[in-house]
């Protein structure tokens, strides 16, 4: 049997043209494009496993995946120089909206998804028409009350069961997540929501942002968020905001 070596790959991507990270039928995904490029460079079939899954149109500033390659391949025994060569070669094949940053060998049981201890997302909102932010931030006409939204965000951090913010029928074993940061930060003509947790449910961040915007528009009170979470009912929470403003910003191991 041919010996295998496991590698981690760090990448970033603009999710505009992709139906999320994960391979799916009849739609182009980041994972599919990456697998094809790696397979060409490493001269054999390569299948990656991602640190999570991003939805259609969601971006990733930092994303990790792992893959196994035969040690006997030309690039298989990945010294630093050879790993850098893999990065250059794969980047040469990938489209401009996906970029490889690093490839490095890891232990045979290292896992990009299950070994991750913290994931951080950002959601960007701007208020003035800006052609350079189209597709990368959500444009709102009226500025919501960031103080009220941060009061509601603090309430979210008191809870762990986020069934109300999850898509139904996702086949996960639990809807329990430990959130360690949930905060709106104001910038020049924009506001950014920062959220970190050990794990996230499908559509969770966009549903949270949609609910907090309701608070910011004073459609509901900050305290109402508590009853929404305790209801465990997705229909009680706000509408999911557009994918264009969402970024996977950091993954920690």
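Quick note: the coordinates plus some simple rules give every number you see, no bench work behind them. This one's a predicted model, so the numbers in the text were calculated from it and none came from an experiment. Virtual Cβ from ideal backbone geometry, glycine too; neighbours counted across all protein chains shown.
A compact table of results
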quantity: Length-normalised contact order of the range 4-106 in % [C-alpha pairs under 8 Å, at least 6 apart]; calculated: 42 percent
quantity: Cα long-axis angle, helix 204-216 against the chain (0 to 90 degrees, to the nearest 10); calculated: 20 degrees
quantity: Cα-based shape type of the range 159-253, given that a ≥ b ≥ c are square roots of the gyration tensor eigenvalues and the cut on a/c is 1.5; calculated: oblate
quantity: Overall form of the range 1-120 per C-alpha gyration tensor (a/c, 1.5; a/b vs b/c); calculated: prolate
quantity: In degrees, nearest ten, helix 30-42 long axis to first principal axis of the chain (Cα); calculated: 20 degrees
quantity: Selected from 168, 29, 137 as most flexible by GNM, with the chain as the system and alpha-carbon contacts under 10 Å; calculated: 168
quantity: The chain: relative contact order in percent, alpha carbon pairs under 8 Å with at least 6 residues between; calculated: 23 percent
quantity: Cα long-axis angle, helix 146-156 against the chain (0 to 90 degrees, to the nearest 10); calculated: 70 degrees
quantity: Helix-derived mean residue ellipticity, 222 nm - over the chain, DSSP H n ≥ 4, -39500 (n - 2.57), to 500; calculated: -7000 deg cm²/dmol
quantity: Ascending count of other beta-carbon atoms within 10 Å, so fewest first, for 141, 6, 119; calculated: 141, 6, 119
quantity: Anisotropy class of the range 94-211 from Cα gyration tensor, a/c 1.5 cut; calculated: oblate
